[in-house]
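Where a number appears in this text, it was derived from the coordinates with a stated rule and is not lab data. Since this is a predicted model, take the numbers as computed values, not measurements. All Cβ positions, glycine included, derive from the backbone under ideal geometry; neighbour counts span all protein chains shown.
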Amino acid sequence: MEIQKVGVVGAGQMGNGIAHVLALAGYDVLLNDVSQEALDAAIQTIDSNMERQATRGKITSDQHKEALGRIKTDLRLPSLGASDLVIEAATERETVKTAIFEDLVPHLQPHTILTSNTSSISITRLASRTDRPEKFMGFHFMNPVPVMQLVELIRGIATDEEAYKACLTVVDNLNKTAASAEDFPGFIVNRILMPMINEAVYTLYEGVGSVSSIDSSLRLGANHPMGPLELADFIGLDTCLAIMNVLHDGLADTKYRPCPLLTKYVEAGWLGRKTQRGFYDYRQDPPVPTR
């Protein structure tokens, strides 16, 4: 099937990035959120990011204008019913995602493919709460979406080949690279990345190294573009903790036990860049370690 219209649920950091790249690739995008303020902020962010791309010569001013014109916003979830593909990019909580799919399903066309941008939740379980598990997939973009080249495509146990190939075509049209993953906790990227971040937090917790020494060691000793604690702040410590809990619960292995210090930071509301404090304090320039 040919996908032309794409609905995106959630206008946050991931949702607006997904809408951005889809519109630049020529898709008509309907961006949905429960908040008009979030939708307005998303359009401003997309406009600003496209302007930055135009300034750097990555796109033309005409491409910027045309792409922005392809993005519409709507507070009503049923309005996404005319989409050929829906990408859910709401909060990383299974109850929220399930409620969205249950509300959306009665309004969809028979051929519409449903996908979730979840970073760790079972695709098979999410699909089972819809009327089309054969047309349900994981469509996991990396953050920030306009910059990162990888998209994980995750098939549930019932996903058919037609749905997979349709999503693969979309990834190709975005000039990104697809990695096919099986439906196990964390998929590929987070199955490997999050335990590394969690181990870095344990290294801090046990006093083996300071925030600065841990991040410097991985940047300079392993040639990582940023240290694991800095990366955790960028991702969001609440998201890191949620994924570690999914890995721990789903795989029942103590090696995935979240570090108590990570839990403590989340309990304090120190979630990283988005709250101005995490392993670094971003209220100062340059940011300084909080531990």
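Going by the alpha-carbon gyration tensor, a ≥ b ≥ c the square roots of its eigenvalues, is region 5-182 rounded (a/c under 1.5) or, if a/c is not under 1.5, prolate (a/b greater than b/c) versus oblate? Before the final figure, lay out each step's value.
Numbers: a/c = 1.81, a/b = 1.41, b/c = 1.29.
Prolate shape, in that a/c is at least 1.5 and a/b is the bigger ratio.
Report the gain in length on full extension from Ile188 to Asp281: 0.36 nm times residue separation, minus Cα-Cα distance, nm rounded to one decimal.
Numbers: separation 93, 0.36 × 93 = 33.48 nm, distance 3.04 nm.
Going from the current span to full extension adds 30.4 nm.
Rounded, prolate or oblate, given the Cα gyration tensor of region 187-259, with a/c below 1.5 counting as rounded? Working shown, then result.
Numbers: a/c = 1.99, a/b = 1.59, b/c = 1.25.
Prolate, since a/c reaches 1.5 and a/b exceeds b/c.
Mind checking the full-extension length gain between Asp131 and Arg76? Use 0.36 nm per residue of separation minus the Cα-Cα distance, one decimal, nm.
Result for the pair: 17.8 nm of gain on full extension.
Could you check the simple spin-label distance between Thr91 and Asp62, using points 7 Å along Cα→Cβ, in nm with one decimal?
4.4
What order, most packed first, do the peptides 57-69, 120-132 have when packing is the mean number of other Cβ atoms within 10 Å of each residue? Walk me through the intermediate numbers first.
On the way: 57-69: 13.8, 120-132: 19.6.
Result, highest mean Cβ count within 10 Å first: 120-132, 57-69.
So which residue, out of Gly278, Gly221, Gly156, gets the largest mean-square fluctuation from a GNM of the chain using Cα contacts under 10 Å as springs?
Looking only at Gly278, Gly221, Gly156, the largest GNM fluctuation is found for Gly221.
So what are the ³J(HN,Hα) numbers for region 11-17, from phi and the Karplus equation (6.51, -1.76, 1.60; θ = phi - 60°), rounded to whole Hz, Gly and Pro as x?
My calculation for region 11-17 gives 10, x, 4, 6, x, 5, x Hz in order.
For Lys58, give me every one of the lysines with a C-alpha distance below 29 angstrom, ignoring sequence neighbours fewer than eight places off in its own chain.
Leaving aside lysines fewer than 8 places away in the same chain, those within reach of Lys58 are Lys5, Lys72, Lys165, Lys176, Lys274.
Under a point spin-label approximation (7 Å from Cα along Cα-to-Cβ), what is the Glu199-Ala41 distance to one decimal in nm?
3.6
Determine the distance separating the Cα centre of region 1-49 from the Cα centre of region 163-214; give it in Å without decimals.
With region 1-49 and region 163-214 each reduced to a Cα centre, they are spaced 23 Å.
Any idea how far apart Met1 and Thr263 come out in nm if each label point goes 7 Å out from Cα toward Cβ?
With each label placed 7 Å out from Cα toward Cβ, I get 4.4 nm.
Antiparallel as a % of all DSSP beta bridges within the chain, to the nearest 5? Intermediate results must be reported in sequence, preceding the final value.
Working: 9 of 35 bridges.
Approximately 25 percent, going by the DSSP bridge assignments.
Go through region 59-69 residue by residue and turn each phi into a ³J(HN,Hα) via Karplus (6.51, -1.76, 1.60, θ = phi - 60°); whole Hz please, and just put x for glycine and proline.
9, 8, 4, 5, 4, 4, 5, 5, 5, 4, x
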